[in-house]
Amino acid sequence: MDNSNKPQDPLSGSELERYARHIVLRDVGGSGQQKLKSARVLVIGAGGLGSPVLQYLTAAGVGTIGVIDDDIVSLSNLQRQLIHDTDKVGMLKTQSAASAMQRINPHTKVEQWPIRMNKRNAYALLSCYDVVADGSDNFDTRYLAAETCEILGVPLIYAAVGQFDGSVTALKPYQFDSEGNPLPALRDIFPVKPSPGTIPTCQEAGVMGVLTGIVGTIQAQEVIKEIVGFGESLTGRLLMIDAKTMRFETIAYKRAVH
């Protein structure tokens, strides 16, 4: 993410105190914290993955966070979707999430999108943001988000979970590596979108609640790295997490040759 031409909002006294532990980090500092404040991030889904992403990005001081989800909070969500609580059952997830985010950090502006992303609105929605974090739970949305971000030139931090496993990567297929080769896209990892019904949903197969917190927190860290510009991106690397053995493995992948 290129922040060079983006105006940097000054930090207030209360913000300097709030983010003091970031500011003393050599890789973040005051300039990095200002980048976070100036950033606009869209989080797709306010569920198991979206919950920790929204919470940590809010606490980190991201200035504007959009949250898109057309669902309402149900009791079965609360085993893993910790941004919601029992009193919010029956409320729109976007509204429940926004309420929690404002309690965490009143400096963050929350943009609520209580709708389902589709081919008609994806371009307009994603074009308003600097980084997109995909925490969706269906393949149609995942592929649509990846393909739209590629067209727009917007970094996408992708994550997914199964019953006891998860994965995270960063997608920037509109950029090139040091040798002039295009960086890989989602279809370079998963070439064919699975047919409906071939892979059990979370509702059908179940999911370990704490796993979504582990994977979503890593996803949030990748978003922050993309905004501030430190560390090594997961672009071209798929981080795979096995919660049963607590084994983390990274698989390198490249753009497919056509």
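No lab work stands behind these numbers, since they all come straight from the coordinates. The structure presented is a predicted model; accordingly, all values stated were derived computationally and were not measured. All Cβ positions, even for glycine, are placed from backbone atoms using ideal geometry, and neighbour counts span all protein chains on display.
Things to note:
- By the count of other C-beta atoms within 10 Å, a proxy for reagent exposure, Glu17, Glu179 are ordered fewest to most as Glu179, Glu17.
- Descending semi-axes in whole angstrom, ellipsoid equivalent of the range 180-230, from the Cα gyration tensor: 27, 22, 6
- Histogram of C-alpha separations across the range 1-82, 10 Å bin width, %: 17, 41, 27, 14, 1
- Partners of Lys119 within straight-line reach, counting lysines whose Cα lies under 21 Å from its Cα and excluding those fewer than 8 residues away in the same chain: Lys172, Lys193.
- Pairs from the list Lys37/Lys254; Lys109/Lys254; Lys93/Lys254; Lys35/Lys244; Lys37/Lys93 with a Cα-Cα gap above 31 Å: Lys37/Lys254; Lys109/Lys254; Lys93/Lys254; Lys35/Lys244.
- Listed options for mean projected area of the Cα convex hull in nm² are (1) 13.6; (2) 14.4; (3) 20.7. The value calculated from this structure is the one marked (2).
- From the largest down, the range 40-95 spans 30, 18, 17 angstrom on the principal axes of its Cα atoms.
- Label-point separation in nm, Leu75 to Gln163, each point 7 Å along Cα→Cβ: 2.5
- Sites matching GluC sites (Glu not before Pro) across the range 210-245 that sit in DSSP coil, with at most 14 neighbouring C-beta atoms within 10 Å: Glu232
- Computed from the C-alpha gyration tensor, the three semi-axes of the ellipsoid equivalent to the range 74-204 are 28, 20, 14 Å, from longest to shortest.
- The antiparallel fraction among DSSP beta bridges confined to the range 1-136 stands at about 5%.
- Taking 0.36 nm per residue of separation and subtracting the current Cα-Cα distance, fully stretching the chain between Arg247 and Ala59 would add 64.9 nm.
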